[in-house]
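As structure tokens, the structure follows; a few thoughts come after it.
The values are calculated or read from the model by the stated rules, or taken from the named source; none is laboratory data. The model shown is predicted, which means the values in this text are computed figures rather than measured ones. We place every Cβ from the backbone using ideal geometry, glycine too, and count neighbours over all the protein chains shown. Calculation scope for accessible area: heavy atoms of the full protein, side chains included, ligands and nucleic acids excluded. Shrake-Rupley method; radii C 1.70, N 1.55, O 1.52, S 1.80 Å.
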Amino acid sequence: MDAREDILFRVRVALGRTDANRPAAAADVQAAFAARSQGPRPQLGADLLARFRHESGVQSSSVDEVATLDEVPAAVARYLAERQLPQRAVVWPKYAALPWAQAGLAVEARAAQGDDAVGITGCFCAIAETGTLMTCSAPDTPAATSLLPETHIAIVPLSRIVAGMEDGWALARAELGELPRAVNFISGPSRTGDIEQTIVIGAHGPYRVHLILVRDC
Amino acid sequence: MRSQAMFFKARVGDKLADRVLQENLGKAKSKFVDARARAVAEYERDEGADFEALREAGKEIRNRTLANLDVWLETFEAKATERGGQVMYARDGAEICRLVTEIAQRHGVNKVVKSKSMLSEEAALNQALAAAGIQPIETDLGEYILQINDNEPPSHIIAPAFHKSKEQVAELFMRTHGSSKKSGIEEMTREARETLRGHFLSATMGISGGNFLIAETGSVSLVTNEGNGRMVTTLPKVHVVITGIEKVIPTLEDFATLMRLLPRSATGQHISNYVSVLTGVKGADELDGPEHLYFILVDNGRASLVGTEFQEMLRCIRCGACMNHCPVYQTVGGHAYGWVYPGPMGSVLTPLYTGIANALDLPHAATLCGQCSVVCPVKIPLPELLRGLREKQVEMDLRPWSERIALRLWGWVARRPKLYALATKIGVRYLNWLADGTDRIQVLGVAPEWTRGRDFPAPEGRTFRELYAERRTGQGR
């Protein structure tokens with residue numbers, strides 16, 4: 001017997017599966033998918049922005065705020081200059097058209113490579129409960145841009161801040177239909193505690209995560 | 001990995017005598033415990049947030065899929081296949097090794113980057129890959145440290161190098177990387193980052209475990225802080241997921257609930273830095289992501305727990321809270337347990353997955369203080385399961401003859417009240433004589449083994465029955 005049949009056979013025997021009780025099991029699966037019932041959730045109150053800002057700090061992300069998308073490049077240039085980081089970056093193709101050059105930045109819209117120092121992305125939405133970015137992969141929003149560079153800068157429209165992960169899933173179902181290849185929830189820079197349980201920032205991913213909140217977009 | 005659990009007692013002796021290990025364990029032990037307590041308290045500051053209710057919900061989610069595991073697996077399989085994944089099954093470690101090697105060879109892979117997978121430890125996959133001429137690279141910092149130390153086994157499921165000090169890691173890095181010796185943890189982390197970055201960029205296959213399989217969408221979820229889980233599933237053209245058949249959960253909403261439990265229970269974080277939900281393969285126009293996705297769903301003993309008194313163990317979400325809070329684990333560390341999983345969850349899983357007769361000491365390596373079940377995010381009654389395994393040992397006649405005779409003798413005496421009263425009366429006086437006027441006995445005459453590493457408390461004076469009889473007749477002191 002092949003491994004699949006063998007394993008499933010033993011599970012079925014252990015569960016007492018019969019033709020008679022199989023429809024009830026299948027019905028439970030369908031009921032779960034139909035209900036998509038949520039577990040207990042914290043009530044965050046009305047001010048999701050304040051919560052998002054606070055939790056982003058807990059996750060060691062820094063936060064800036066601008067009025068419009070067109071102001072983002074200047075905010076990026078300012079951030080990079082303050083930290084004496086190179087004024088060049090790789091950006092999601094989705095944001096290729098922002099006025100990067102005007103802000104003095106050399107920005108390329110392509111897949112990130114191992115030696116790119118700065119990666120600029122947006123997000124699908126942002127989760128106030130934990131200060132988390134939810135990103136969805138697509139041709140114009142590749143996953144590696146938020147991962148390979150030492151500095152990750154993310155554009156977060158205020159209109160896209162939701163309370164919890166459940167709200168992010170609801171948005172994804174409504175806007176995307178089915179899930180993209182990669183949904184990444186990103187909460188601050190990469191870290192490790194594997195040596196003496198001491199937290200060190202910058203394990204394999206970025207050392208810095210900087211969020212630029214955008215009021216009108 | 002071949003279990004060494006039968007050598008538990010001998011290993012415990014070594015671990016207790018290992019001064020460096022004891023110092024490392026002493027430094028580390030309270031960190032996870034304090035972090036979890038803080039995280040639970042912080043969670044409950046929000047309106048309507050009750051961690052106990054969350055644990056109950058976590059338990060119900062896991063029970064739901066286990067109750068109809070066959071149908072949930074088929075549902076996951078259909079959905080994952082529809083999205084371009086290939087679902088395979090493995091009965092045991094040998095089958096895992098065979099499947100992974102075949103996949104690597106099919107795609108002409110000679111180097112594999114690995115995110116943490118405890119199942120690949122169960123299978124000793126690294127050794128099998130190396131034997132087939134395929135270089136496996138562990139990329140979780142803890143796992144990497146152990147791999148370059150001659151494939152040392154992990155001592156903790158989420159912090160594999162829990163038992164190592166930074167000095168030991170510094171030595172190891174100097175020896176392996178041929179670099180100058182570092183003293184700071186940050187410098188060492190950077191050195192590992194730079195070494196591993198090259199491997200991430202050049203490997204053509206990534207292997208990961210899976211924290212959960214989501215039936216609704218056919219996805220696998222990965223939870224990491226370092227970002228290595230994302231690297232191995234974004235850059236190489238082949239991604240192989242190795243995970244247990246019990247990991248399936250129904251919906252994305254259920255995943256959201258479990259993600260409120262897992263990081264808080266494991267490291268005390270509100271959420272881990274990187275939580276990925278991966279579905280299918282790279283689309284034609286996408287710039288990154290694997291072109292081939294394989295799921296290897298593994299039994300290796302799990303199916304035999306379904307429908308038994310031990311089924312509750314299959315709810316485990318591998319957070320490590322039980323070992324973090326276990327006084328035995330805190331004292332002896334993870335290696336003493338002899339197989340992949342240490343602490344209370346290991347003391348249940350090792351005998352069940354590798355044979356009850358091969359791990360006789362583990363169910364007894366517990367004080368049954370109950371702390372593990374208090375912190376378990378999915379409410380696994382670990383002390384009851386350990387007790388159940390002790391009962392199995394008795395039923396299977398696996399206890400030593402001396403213990404069996406002693407218990408039979410005790411049972412025989414206990415059924416004869418007068419004899420019992422006399423025996424305990426003599427016993428108490430014998431113990432008092434051994435204590436020689438002090439409150440402790442340094443060498444217990446009839447069972448000297450008991451007092452090899454501790455004293456035995458001396459009885460107060462007379463037996464309970466004597467005191468009780470005295471009080472009944474009104475002669476109480």
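Pairing residues of segment A:1-19 that are at the interface with another protein chain (Cβ under 7 Å from one of its Cβ atoms) and surrounded by 10 or more Cβ atoms within 10 Å (Cβ to Cβ) with residues that are in a loop (DSSP other than H, G, I, E, B) and of a type in the set (D, E), at Cβ distances under 7 Å and at least 6 apart in sequence or on separate chains, gives A:I7/B:D299. Checking each residue in segment B:10-33 for being touching a residue at least 60 places away in the same chain (Cβ under 8 Å) and either under 19 Å from the mean Cα position of the chain (by Cα) or open to solvent by less than 50 Å² (accessible area, probe 1.4 Å) (or both) picks out B:R11, B:V12, B:K15, B:L21, B:N24, B:L25, B:A28, B:K29, B:F32, B:V33. Got at least one residue in segment A:152-164 being facing chain B (nearest Cβ under 8 Å) and modelled with pLDDT of 95 or more? There is at least one residue in segment A:152-164 that is facing chain B (nearest Cβ under 8 Å) and modelled with pLDDT of 95 or more. Within the bounds of segment A:169-178, is there any residue that is away from chain B (no Cβ under 13 Å) and open to solvent by less than 20 Å² (accessible area, probe 1.4 Å)? No; the residues of segment A:169-178 include none that is away from chain B (no Cβ under 13 Å) and open to solvent by less than 20 Å² (accessible area, probe 1.4 Å). Where helices (runs of 4 or more DSSP H) fall wholly inside segment B:128-204, the ranges with 1 or more residues that are at pLDDT 95 or above and touching a Gly at 6+ places or on another chain (Cβ under 6 Å) are B:185-202. Filtering segment A:187-202 to residues that are in contact with a helix residue (DSSP H, G or I) (Cβ under 6 Å, 6 or more places away or on another chain) and either of a type outside the set (S, T, N, Q) or buried (at least 24 other Cβ atoms within 10 Å of the Cβ) (or both) leaves A:T192, A:D194, A:I195, A:E196, A:V200.
Of B:R399, B:R415, B:R408, B:R452, all but one fail to be loosely packed, with under 11 Cβ neighbours inside 10 Å, farther than 28 Å from B:E470 by Cβ and modelled with pLDDT of 90 or more; the exception is B:R408.
Close contacts from segment B:153-178, counting a first residue that is assigned by TED's automatic domain parsing to the domain that holds B:E191 and a second that is among the charged types (D, E, K, R) and at pLDDT 95 or above, with Cβ to Cβ under 6 Å and a gap of 6+ residues or different chains, come to B:I157/B:R318; B:P160/B:E143; B:F173/B:E191. What is the residue count in segment B:34-58 for residues that are open to solvent by 70 Å² or more (accessible area, probe 1.4 Å) and in contact (Cβ under 8 Å) with a residue 12 or more places away in the chain? Residues flagged as open to solvent by 70 Å² or more (accessible area, probe 1.4 Å) and in contact (Cβ under 8 Å) with a residue 12 or more places away in the chain within segment B:34-58 amount to 2.
Quick check on my filter: what residues within segment B:156-166 are over 13 Å from the mean Cα position of the chain (by Cα) and either more than 10 Å from chain A (Cβ to nearest Cβ) or among the aliphatic types (A, V, I, L, M) (or both)? B:A161, B:H163, listed by residue number. Candidates are the residues of segment B:282-298 that are more than 7 Å from every other protein chain (Cβ to nearest Cβ) and of a type in the set (A, V, I, L, M, F, W, C); the one that is nearest to B:S202 (Cα to Cα) is B:L293.
Any idea how many residues of segment B:65-110 are touching a Phe, Trp or Tyr at 6+ places or on another chain (Cβ under 6 Å), crowded, with 22+ Cβ neighbours inside 10 Å and outside any helix (DSSP H, G or I)? Counting residues in segment B:65-110 that are touching a Phe, Trp or Tyr at 6+ places or on another chain (Cβ under 6 Å), crowded, with 22+ Cβ neighbours inside 10 Å and outside any helix (DSSP H, G or I) gives 1.
Of all the residues in segment A:96-111, those that are of a type outside the set (K, R) and within 8 Å of another protein chain (Cβ to nearest Cβ) number 1. Do you know which residues across segment B:119-150 are touching a helix residue (DSSP H, G or I) at 6+ places or on another chain (Cβ under 6 Å) and charged (D, E, K, R)? Scanning segment B:119-150 gives B:E122, B:E138, B:D140. Given the structure, is B:K237 closer than 24 Å to B:E102 by Cα, facing another protein chain (nearest Cβ under 10 Å) and of a type in the set (K, R)? Considered against the rule, which asks whether it is closer than 24 Å to B:E102 by Cα, facing another protein chain (nearest Cβ under 10 Å) and of a type in the set (K, R), B:K237 comes out as no.
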